[in-house]
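Structure first, commentary second.
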Amino acid sequence: MSQDFLRRWSRLKRETAAAVPVEGTELPEKPPELPPLDSLNFESDFKAFMHSKVEETVKRAALKKLFSDPRFNVMDGLDTYVEDYTKFEPITEELLAQLEHARRTLFVPRPEEEKPATEEKQEKQEGKEKKDVDPAQDA
């Protein structure tokens, strides 16, 4: 039984090997006819240049010609990181004065607000000092 299987397998293998043509005997497919690169413009059809049989250098040259059109050089409004942020404009004296005034006005506590806060801190410190004293040490 196993010999029948092996004979059949061998026969099928020989038949498929005879049916498959050798790769070298095929005629290479000719690349499509391409228009000259100098005649290309934005409205030209670039589909022929994207065929797999076209050389890579010719593809790149055609794409370079296509993207050299000024319509592709429009700056996108969402490009927020294209500016050079290492060069900055110095802050003017007027703005520094406004910032200093705002800091003094908004962030420095008033004298009457300062007084209760300092009294509370002193009371808390006195309370801690009383708690730290061990009555056993006094005896």
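The values are calculated or read from the model by the stated rules, or taken from the named source; none is laboratory data. Worth saying up front: this structure is predicted, and the values here are computed from it rather than measured. Here the Cβ is made from the backbone with ideal geometry for all residues, glycine too, and neighbour counts use every protein chain on show.
Side notes on the structure shown:
- For the stretch 46-72, a residue qualifies if it is within 18 Å of residue 29 (Cα to Cα), at pLDDT 90 or above and within 28 Å of the chain's Cα centre (by Cα), and the qualifying residues are 56, 59.
- Among the candidates 92, 80, residue that is exposed (fewer than 10 other Cβ atoms within 10 Å of the Cβ), modelled with pLDDT of 85 or more and out of contact with any Ser or Thr (no Cβ under 7 Å at 6 or more places or on another chain): 92
- Positions within the stretch 43-59 being among the aromatic types (Phe, Trp, Tyr) and in a helix (DSSP H, G or I), in sequence order: 49
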